[in-house]
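The structure appears below as structure tokens.
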Amino acid sequence: MKVIVDFANTFDPERGGEHLTADWLGFPGADITRARELRDALRSLAYANAGLPHDEGAAAVVDAGARRARLTPVLVDGASRLEPQVEGLDAVLGRIVAAVHEALWAGEFDRLKACERESCRAVFHDRSKNRSGRWCSMAICGAREKSARAYRRRLASGG
């Protein structure tokens, strides 16, 4: 799940926006339009898991990445995993798509969520026991949101 979270968080609206570059992917000078589309699709799926508005076409983008990488199941040490059958950038993106499928197989993909705090929206792995995590960090975003809600309640009650 870490590779998915790290890739999805290459866009960070709170801390300066776009961080996904061809250099970051290890392909200096490459056209990374499809990489950004895949990243945005994964962010959208995390939004959906968090109950936030999302792009209904996000899964199709992930599927297209799997097709371009020609992901093929292989058995390794008694386990199945998907391996790209191409080289280059499509192979790198294919490994990310493979991680998505592995999370789905493990029943963990629904734990990929986006922070509920509108100014943050960082993607995170919800590790809460009952899968009810709402913020990327309880210490930062959760505390800010709870504090803001308490302040609004005090104002509303005339306090």
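The values are calculated or read from the model by the stated rules, or taken from the named source; none is laboratory data. Predicted model only: the values in this text are computed from it and were never measured. Here Cβ is always computed from backbone atoms with ideal geometry, including for glycine, and neighbour counts include all displayed protein chains. SASA here: full protein model, heavy atoms, side chains in, ligands and nucleic acids out. Shrake-Rupley method; radii C 1.70, N 1.55, O 1.52, S 1.80 Å.
Per residue of region 57-62, what does 6.51 cos²θ - 1.76 cosθ + 1.60 with θ = phi - 60° give for ³J(HN,Hα)? Whole Hz please, x for Gly and Pro, Karplus curve as stated.
For region 57-62, the Karplus-derived couplings read x, 4, 4, 5, 5, 5 Hz, x marking Gly and Pro.
Quantify, in whole percent, the carbon and sulfur part of the accessible surface of the chain (1.4 Å probe; protein heavy atoms only).
Within the chain, the accessible surface is 52 percent carbon and sulfur.
Given +1 on the Cβ of Lys and Arg, -1 on the Cβ of Asp and Glu, and no further charges, what dipole in debye does the chain carry about its Cα centre, rounded to the nearest 20?
Details: 25 positive and 22 negative charges, 210 e Å.
For this selection, approximately 1020 debye.
Can you give the net charge of the other residues whose Cβ lies under 13 Å from the Cβ of Leu20, counting K and R as +1 and D and E as -1?
Computed value for this residue: -3.
Work out the charge dipole of region 1-134 with +1 on the Cβ of Lys and Arg and -1 on the Cβ of Asp and Glu about the Cα centre, then indicate which of His19, Ala114, Gly88 is farthest towards its positive end.
Ala114
Under 5 Å between amide H atoms, partner at least 5 residues away or on a different chain: which partners does Phe11 have, H built in plane at 1.01 Å?
Close amide H contacts, sequence-distant or interchain: His19.
If Lys and Arg each add +1 and Asp and Glu each add -1, what is the summed charge of the other residues whose beta carbon sits under 11 Å from the beta carbon of Asp110?
Net charge around Asp110: +1.
Write down the radius of gyration of region 1-57 and its Dmax, each obtained from C-alpha positions, in Å.
Radius of gyration, then largest Cα-Cα span, for region 1-57: 11.9, 37 Å.
Only helical DSSP H runs with n ≥ 4 go in: add -39500 (n - 2.57) per run for the chain, normalise by residue count and round the 222 nm mean residue ellipticity to 500 deg cm²/dmol.
Numbers: 6 runs with 71 residues, N = 159.
One gets -14000 deg cm²/dmol as the mean residue ellipticity at 222 nm.
Compute all pairwise cysteine Cβ distances in the chain, then list the cysteines with no distance under 4.7 Å to another cysteine.
Flagged as lacking a Cys partner: Cys141.
Just name one of Val97, Ala30, Leu45: the one whose Cα is farthest towards the positive end of the charge dipole of the chain (beta-carbon charges, Lys/Arg +1, Asp/Glu -1).
Farthest towards the positive end: Leu45.
At 4 °C and 1.567 mPa s, grab the translational diffusion coefficient of the chain from Stokes-Einstein with a Kirkwood Rh over Cα pairs, rounded to a whole number in µm² per second.
76
Just the number please: accessible area per residue for region 33-121, 1.4 Å probe, all protein chains included, in Å².
In whole numbers, region 33-121 has 50 Å² accessible per residue.
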